[in-house]
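Novice: Mind having a look at this structure? Questions to follow.
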Amino acid sequence: MAAVTMNEHLPTPLDAIEPQGSLLSLQLYIAYTCPHLQRVWILKNRPVQNYTKLVPINIQNRLAWYKEKVYHVNKVPSLEHNGKVIGESLDLIKYVDSNFEGPSLQPNDPTKQEFAEELITYSDTFNKIVFASFKGDTVKEAGPAFDHLENALHKFNDGPFFLGHEFSLVDITYIPFVEKFQTFLSGVWNYEITAARPKLAKWIEEVNKIDAYKPTKTDPKVIVELYSSLFLAKH
């Protein structure tokens with residue numbers, strides 16, 4: 001299989017046969033190809049968060065000690081911080097943003113706060129629509145979800161992001177999934193999600209310039225191979 005990410009200098013994922021090692025006071029457990037985990041990884045990559053140790057895990061051959069000594073739910077991502085473990089990606093990005101140094105990625109403006117929460121809440125629905133489309137008329141069924149993002153990007157016209165000029169937790173919520181959906185839909189169905197969606201195209205272009213996001217991207221070949229095995233193997 002091709003390299004998991006575009007960055008060749010990342011830590012090797014721990015395998016089930018690996019020894020536990022020491023648990024530090026601030027460790028972020030992730031798996032490179034999972035979009036849920038990528039959300040937290042992007043936030044971790046901001047300069048003020050780089051003291052967090054990144055611990056990649058092979059989720060196909062998960063470490064036995066992870067469930068026993070780190071996160072009893074046995075899911076990733078999780079953040080171990082001062083003896084406490086927090087999981088679930090949407091909860092985690094809010095926790096990291098609120099509890100560590102650096103400028104917040106949550107808006108101060110009440111109107112933008114409300115819209116941000118609305119979009120973050122919708123993200124699960126967005127993902128379910130697109131994933132479900134892989135089992136049906138993909139192009140037809142996935143389209144409305146991307147139209148929703150295109151319309152949302154028209155809300156504030158002072159910048160290319162969901163909240164205008166502010167790169168925020170909303171962008172972090174969506175880009176890992178949009179990245180993978182765009183690659184898979186283009187590679188398998190020749191469907192370009194940015195066609196007739198100029199705001200979405202500009203948003204993707206601008207997010208790709210964000211330094212915290214760049215090293216988290218997955219090799220497109222890996223995305224197509226992984227998603228084909230997950231969603232097309234039985235068809």
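None of the figures in this text is laboratory data; all of them are computed from the coordinates on show. All values reported here derive from a predicted model rather than from experimental measurement. Cβ atoms come from the backbone with ideal geometry, glycine included; neighbour counts cover every protein chain shown.
Novice: Evaluate the distance, in nm, between pseudo-label points positioned 7 Å from the Cα of VAL139 and of THR125 along their respective Cα→Cβ axes.
Specialist: 2.6 nm
Novice: Something else: Quick one: Cα convex hull volume of region 110-231, Å³ per residue?
Specialist: On the way: hull volume 11.7 nm³, N = 122.
Per residue, the Cα convex hull of region 110-231 comes to 96 Å³.
Novice: While we're here: Provide the per-residue ³J(HN,Hα) series for region 172-183, in order, calculated from phi with Karplus coefficients 6.51, -1.76, 1.60 and θ = phi - 60°, each as a whole number of Hz, with x at glycine and proline positions.
Specialist: Taking θ as phi minus 60°, the curve returns 5, 4, 9, 4, x, 6, 4, 3, 6, 5, 4, 5 Hz for region 172-183.
Novice: Shifting gears a bit: Please report Rg over Rh for region 181-227, where both radii come from the alpha carbon positions and Rh follows the Kirkwood definition.
Specialist: Numbers: Rg = 11.6 Å, Rh = 11.6 Å.
When Rh is taken as the Kirkwood radius, the ratio is 1.00.
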